[in-house]
Amino acid sequence: MKDEAYQPPPSGGGGGDAASHDAWMNALLVAALFARDPTRFGGVIVRARPGPVRDAWFRRLKAHLGDDSLVRRMPIGITEDRLLGGLDITGTLNAGAPVFRNGLLTEADGGIIVAPMAERMDALTISRVAAALDTGAVRVERDGVSRTTPARFGFIAFDEGAFDEGAFDEGKRPDETVSPILVDRAAFLVDLSDVTLRQTAMPVSAPMVERGDVTATLTSEQLTASVALAAAFGVTSVRTLGFFAKTIAALAEIASREAPNEADIERAAALVIAPRATQMPAEDDQTEPAPDEQDEEDQPERQNENPDAMEDRLIDAIAANLSAAILDRMARGKSRRGAAKATGAGAQAVSQNRGRTVGTRRGELNGKARLHVLETLRAAAPFQRLRRQETGPTHHRLHVRAEDIRVRRFKDQRETLTIFVVDASGSTAADRLAEAKGAVECFLTRCYSRRDQVALIAFRGDHADLLLPPTRALARAKRALAGVPGGGATPLYAGLEAARALTEQAQRQGQSVNIIVFTDGSANMGRTGPGRAQAHADALDAATRLSISGASTLVIDTATRPRSKAREIANALDATYMPLPHADARTVATAVEAIAA
């Protein structure tokens, strides 16, 4: 088969934007490569809205896999026994002996698992899927059963978290929301967010996906160039480098070549490295110009040349073809990674009778706990034969004892509200508000997938204003922050009291609260009027009252030099103190994440 058989058609064909056209062509090539051997490439993270574009891509994938392909869908909230396998209650009760039932991971052995809304997958499920991907097996130790079953599969994770409410305010998009644990185990990251339905209808020449007799092997020079290429774009994951090499080899195998060429490395980099790029390559004034194009028969000589020249050509080629979306993300300093807390940052409270079921425990039926019938039967099933022998003939077919009782465990996921309290007084008010604006924007982009909210309180003169009621809308936050006047006295007590009122309101609604205070601690307006001593005393009193709420609090000291008064306020609040004369929005957002953890 010739190399042209899997070369994407020129950009711009079939109408539409050239970048989105190229994204669709790359997505089709990913589908073909992944279908050749899903376990070889681990998985594919597909960033797309539910709809006809995503369905069109999945149909192409299934066409490559064939009609007899094994495809299993993993629902959100899948239970442990359904995922890993466990005791078959019905079979065990009928047989009087433990009967094992395979889980979804084992059922998918040799096929693929499709995970819709993968950004909402809980951490425990993620860890179990990752363990199966790493080992190719599932080990079950529960309900008196000990068994290891094969589980070699590829996975498709659909990322819909980037399309939540407010995600496209001001044309910006948040980082991907799928767990980095899964992202690291996927060879390909596909972005279909800008692909149009018209582009999916364009005829394309699909690559051959059947595994042939040819096995391609990279030369040491090509491996060196590949590693340097990945490092130049900030990609250092060992798993990603492995997927990069496998993709290069697979592209050569499709073309029936035992030795990959530069075109294979360039295409593989566009599929594996470019979507993960976090930086542009450093400029090098001494880079040698690329040699003139060579004929195909001269290709073996190229493979033996100085690897540095190959690296330079490949880096230039990939950098020239990075999409605008990737360049924009790198300009904002955002790497393509999964959110560290894809399942939410809200406080989780264990409850006996409300929230999401997260498992069971031994218990008693005391009128408060809720019986889990299946788990109770599961606990009793292995002992039925023994208990029948102990009790003798009886009309009771099922023996359930007190120690078998299992009750439900619930976890109540609380939404988090982060309150920014900003000192808008004095000559440096504009700088403080700019810092708060940057922190709010950074934090809002992390709130989309977690459904968290933010609020903004500014205090100046003799009062405090709630400039931004609790919201997740980035555009609304910008409008509230724009044009806020600065100057005047510093009624720190008023800002803290306003924060306490909002905190109490949020806690009554079941929210957990984080508070971030921007101030230098130099209060000069108290409840009864001007006066530094009384104003500081009123601020300490308000801080002590606010600390009783139990909210996690961070105090950002915005003074040019750290001051003892700001630290005293932090101590009264039982807060984390951060002297930050030159506050950086990203540093503040990271600090907020720390207190929210």
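The values are calculated or read from the model by the stated rules, or taken from the named source; none is laboratory data. In this text, all values refer to a predicted model and were calculated from it rather than measured experimentally. Every residue, glycine as well, gets a Cβ built from its backbone with ideal geometry; the counts of neighbours run over all protein chains shown. For accessibility, only protein heavy atoms count, side chains too; no ligands or nucleic acids. Shrake-Rupley method; radii C 1.70, N 1.55, O 1.52, S 1.80 Å.
Inside the range 520-577, residues that are in a helix (DSSP H, G or I), touching a Phe, Trp or Tyr at 6+ places or on another chain (Cβ under 8 Å) and either within 10 Å of Y493 (Cα to Cα) or at pLDDT below 85 (or both) make up a count of 5.
Residues in the range 33-87 that are within 20 Å of R185 (Cα to Cα), touching a strand residue (DSSP E or B) at 6+ places or on another chain (Cβ under 6 Å) and not basic (K, R): F34, P38, T39, G43, V44, I45, V46, V71, M74, L84. The requirement of being touching a Pro at 6+ places or on another chain (Cβ under 9 Å) and at pLDDT below 90 is satisfied by L87.
Restricting the range 137-155 to residues that are more than 21 Å from R73 (Cβ to Cβ), of a type outside the set (D, E, K, R) and touching a Ser or Thr at 6+ places or on another chain (Cβ under 8 Å) leaves a set whose member that is least open to solvent (accessible area, probe 1.4 Å) is V140. Filtering the range 214-225 down to residues that are part of a helix (DSSP H, G or I) and touching a helix residue (DSSP H, G or I) at 6+ places or on another chain (Cβ under 6 Å), which residue is surrounded by the fewest Cβ atoms within 10 Å (Cβ to Cβ)? Of everything passing the filter in the range 214-225, T224 is surrounded by the fewest Cβ atoms within 10 Å (Cβ to Cβ).
Checking A18, A56, A48 one by one, the residue that is in contact with a Lys or Arg (Cβ under 9 Å, 6 or more places away or on another chain) and of a type in the set (A, V, I, L, M) is A48 and no other. Count of the range 491-519 residues, restricted to those that are aliphatic (A, V, I, L, M), part of a helix (DSSP H, G or I) and under 13 Å from S547 (Cβ atoms), is 2. Listed by position, the strands (runs of 3 or more DSSP E) enclosed by the range 61-146 that each have at least 2 residues that are touching a helix residue (DSSP H, G or I) at 6+ places or on another chain (Cβ under 8 Å) are 71-73, 85-87, 112-115, 137-142. Using the structure shown, decide if D431 is at pLDDT below 60, surrounded by 13 or more Cβ atoms within 10 Å (Cβ to Cβ) and not in a helix (DSSP H, G or I). Answer is no for this residue.
Residues checked against (1) closer than 17 Å to A201 by Cα; (2) modelled with pLDDT of 90 or more; (3) surrounded by fewer than 16 Cβ atoms within 10 Å (Cβ to Cβ):
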site	(1), (2), (3)
P10	yes, no, yes
G15	yes, no, yes
S20	yes, no, no
I45	no, yes, no
G51	yes, no, yes
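Residues considered: A268, A259. Of these, the only one that is crowded, with 22+ Cβ neighbours inside 10 Å, of a type in the set (A, V, I, L, M) and modelled with pLDDT of 85 or more is A268. Restricting D109, D122 to those that are under 19 Å from D37 (Cβ atoms) and among the charged types (D, E, K, R) reduces the list to D109.
Considering each residue of the range 158-168 in turn, at least one proves to be modelled with pLDDT of 85 or more and within 13 Å of A48 (Cα to Cα).
Residues in the range 234-248: is at least one more than 24 Å from V183 (Cβ to Cβ), surrounded by fewer than 24 Cβ atoms within 10 Å (Cβ to Cβ) and not aromatic (F, W, Y)? No; the residues of the range 234-248 include none that is more than 24 Å from V183 (Cβ to Cβ), surrounded by fewer than 24 Cβ atoms within 10 Å (Cβ to Cβ) and not aromatic (F, W, Y). Being at pLDDT 85 or above and out of contact with any His (no Cβ under 9 Å at 6 or more places or on another chain) is the requirement here; does F244 meet it? Against the criterion (at pLDDT 85 or above and out of contact with any His (no Cβ under 9 Å at 6 or more places or on another chain)), F244 qualifies.
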